[in-house]
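S.K.: This is the structure, below, for whatever I ask next.
What follows draws every value from the coordinates through simple rules; no lab data is involved. Remember, predicted model here, so these are calculated numbers, not experimental data. Don't worry about glycine lacking a Cβ; one is built from the backbone with ideal geometry, like all the others, and counts go over all protein chains shown.
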Amino acid sequence: MALLTTSNLSKFYGSKKVFEKLSFSISKNQKVALIGRNGIGKTTLFKIILGKLKPDRGSVHVARDAKIGYLPQKIVYEGQKTIIQIMENNFTHLKKIHKEIIKISQNIKDNEDKYQKLIEEYERKGGYEYETKIKKILTGLNLYEIKNRKFKYLSGGEKMRVGLAQILLNKNDILLLDEPTNHLDLFSSIWLVNYLKGYQGALVIITHDRYVLNNVVDGILDLSEDNIKYYRGNYKNYKKQRAMDFKTKKKEYEKQQKKLEKLKSYVRKYKEGNRSTMAKSREKMIKRIDVIDKPDLFEYNINLNFNNFERPGKEILNIDNFNINGLLEISELTAYRNDKIALIGKNGSGKTTLLRNIFEESDNIDLGYKVEQGFFQQNLKFEKENIPLMDYLNYKYYMDEPEAREILGYFNFSQDSALKLINNLSGGERARLRFLTLIEDSPNFLLLDEPTNHLDLKFLEILENGLKNYNGSLIIVSHDIIFLKNIVNKLWIINDNKIIEYKYDINQKLNEYMISRNNISQEEKIKNEKNSSYEKEKKKRNKRKILLRKAKKIENEIKNIYREIESIEEKMKKEGENPDKLHDYFKEKEKLNEKVEKKLIKLESLKSKLN
């Protein structure tokens, strides 16, 4: 039985076609991935299914009473609510029943039947399980430790994970997930894969994560401008089937073209003269032929070559007695020429902060001889955001228009896209522009913080190939295990605020570490609890009280700073036409934001010690 059916869906923005005549259906418990190049309309299709956008033609039918859960790429909740309050919103009906049970239990003799019915209803609807379920999902998504933090104080990645957690808590018949792994760490990503494998319901997922595509879905919906085609099986099977399909269609197209050319040649030759009747007959035959469209397999015509750099010395990076506010402590760590390092750790363990400190060459961090860095940051910012791409390349590299258009075309920016303002670019376009600038800058040491976010599968594989062939050194933070396995030759794993280095059997170590990490930590926790004496527990409780007081103090300080920021923003609105005052307020706001960031790092450190 189909839970979701689309029929001949078409969508245009003005004269620009997004897609046309899309028809497909999703059955109960079917799990499919929706794939296609960036900008092809995957998110637009989700919005049409949800009724947030209207199609220009065609229809969507959802089975009666079928409930759809949707994870967009941007999450919005009421800022004052904590994570746990947002989760518990899903179960207000159970809390209501529970209150009623408590109320009746005070006078149970007169309400035995009603009490029993409420108990049965509470149990049937999952009243005794929902708290465990919340804990399980928040733990899996690395949110349980910060469950009491207000939504407004969360980072972008934490907000996305809250959205995902709430979707997974709801009893949905169909899940629509738009790039759910983009803000997960490696462990949360693996946890999500296992969760979705066991999910009892239909799933349509937009993702570029090949581990998800090969381990969760049983079908692929391949979206192009002119159609959507279903392929049975996972991503590996899809690639084989698609290549075979293309080969078959190409042969049919070429065979038909030869036949048409033969007929047209005959018509041209004998249109006049004794055989004109035969020529006219063949002309009618040509008109009756259902012409096969030339098969089009979209490919980026690009090869990412990062190797145009000056060879550095043997030692690339040395870190000595470095501490990030108690979040991460490094006594000594060295990276050498040709090291390709995966930096692995949970969200909030200090991965991004470490990369930023390396790039800024903070105290006790030294770069080697002739080392030139290039930094791909998660939140990509360019020196000038309010100018067109062509002007930016002229500003940064003194490129003239023909040269700028040529290189932009090479990175799949159309003639029109070359005139786009940078601040209007999509996530995928911003990423491609950053890789363009990295190639132009020619660094011999790359720092890459989640470089695959926002990329489509084809460009991801091109990037992977470019980094495999890169002769420089790099440090990568990524949630994409296949990407890491294909590139790195060394692991830096953050565990208990320290970095452990692994140089050998990298792929095996990655597999072992991911599979065993949660089990090991649970076993160690149980063992420690059994062995701990009364005195140790007492000491721990006292230490915890001190840490809690410190954490509470910092939380209050953060609240006060946010109030100051809000006050400044109000003043900025009033002084909208006074550039001098606006400049002063902006500077003041910037300092306060820096202050908040430092305090959040301190708070994160205290919370990690508390847990």
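S.K.: What are the ³J(HN,Hα) values, in whole Hz, obtained from phi via the Karplus relation 6.51 cos²θ - 1.76 cosθ + 1.60 with θ = phi - 60°, for each residue of the range 265-282 in sequence order, with x given for Gly and Pro?
M.R.: Once rounded to whole Hz, the list reads 4, 4, 4, 4, 6, 10, 4, 10, x, 5, 9, 4, 4, 5, 5, 5, 4, 5.
S.K.: Computed from these coordinates, which is P(r) over Cα pairs in 20 Å bins from 0, in percent: [x] 15, 45, 30, 8, 2, 0; [y] 19, 50, 27, 4, 0; [z] 22, 56, 21, 2, 0?
M.R.: So the structure-derived entry is [x].
S.K.: Starting from the Cα of Asn307, step 7 Å toward the Cβ, then list every residue of the range 469-510 with an amide N under 16 Å from that point.
M.R.: Hits in the range 469-510 for Asn307 at 16 Å: 469-474.
S.K.: Can you pull the one-decimal nm distance between simple spin-label points at Phe298 and Asn486, each 7 Å off the Cα toward Cβ?
M.R.: Result: 1.9 nm between the two label points.
S.K.: Here's a follow-up. Rounding to the nearest 10 and keeping the result within 0 to 90°, find how far the Cα-based axis of helix 186-197 lies from the longest principal axis of the chain.
M.R.: So the inclination is approximately 70 degrees.
S.K.: Students often forget the sequence filter, so: which lysines lie under 19 Å Cα-Cα from Lys240 once same-chain residues fewer than 8 apart are removed?
M.R.: Within reach: Lys229, Lys249, Lys250, Lys251, Lys458.
S.K.: If the viscosity is 1.002 mPa s and the temperature 20 °C, what translational diffusion coefficient in µm²/s does Stokes-Einstein give for the range 170-323 when Rh comes from Kirkwood over Cα pairs?
M.R.: Translational D for this selection: 99 µm²/s.
S.K.: Need the full-extension length gain, Asn321 to Thr139, defined as separation in residues times 0.36 nm minus the C-alpha distance. One decimal, nm.
M.R.: 62.3 nm
S.K.: So for Thr132, Thr5, fewest C-beta neighbours within 10 Å to most, what's the order?
M.R.: Thr132, Thr5
S.K.: Which whole-angstrom value gives the distance between the alpha carbon centres of the range 385-446 and the range 320-344?
M.R.: Taking the Cα centre of the range 320-344 as reference, the centre of the range 385-446 is 32 Å away.
S.K.: So what's the gap between the Cα centers of the range 162-237 and the range 459-499, to the nearest angstrom?
M.R.: 23
S.K.: For Ser105, Ser188, what's the fewest-to-most ordering of other Cβ within 10 Å of each Cβ?
M.R.: So the residues, fewest neighbours to most, are Ser105, Ser188.
S.K.: For Tyr397, Tyr238, Tyr562, what's the fewest-to-most ordering of other Cβ within 10 Å of each Cβ?
M.R.: By the 10 Å Cβ count, ascending, the order reads Tyr397, Tyr562, Tyr238.
S.K.: Need one number: % antiparallel among DSSP beta bridges in the chain, to the nearest 5.
M.R.: Taking every DSSP beta bridge within the chain, about 55 percent pair in antiparallel fashion.
S.K.: Right, something else. Taking R0 as 35 Å, what's the FRET efficiency between Asp496 and Gln80 from their Cβ-Cβ distance, rounded to 0.05?
M.R.: That gives a FRET efficiency of 0.55.
S.K.: Could you work out how much longer the chain between Ser442 and Glu361 gets when fully extended? Use 0.36 nm per residue separation minus the Cα distance between them, nm to one decimal.
M.R.: 27.3 nm
S.K.: Using θ = phi - 60° and the Karplus curve 6.51 cos²θ - 1.76 cosθ + 1.60, what whole-Hz ³J(HN,Hα) does each residue of the range 552-562 get, with Gly and Pro shown as x?
M.R.: Karplus-based 3J(HN,Hα) across the range 552-562 equals 4, 4, 5, 4, 5, 4, 4, 4, 5, 5, 4 Hz.
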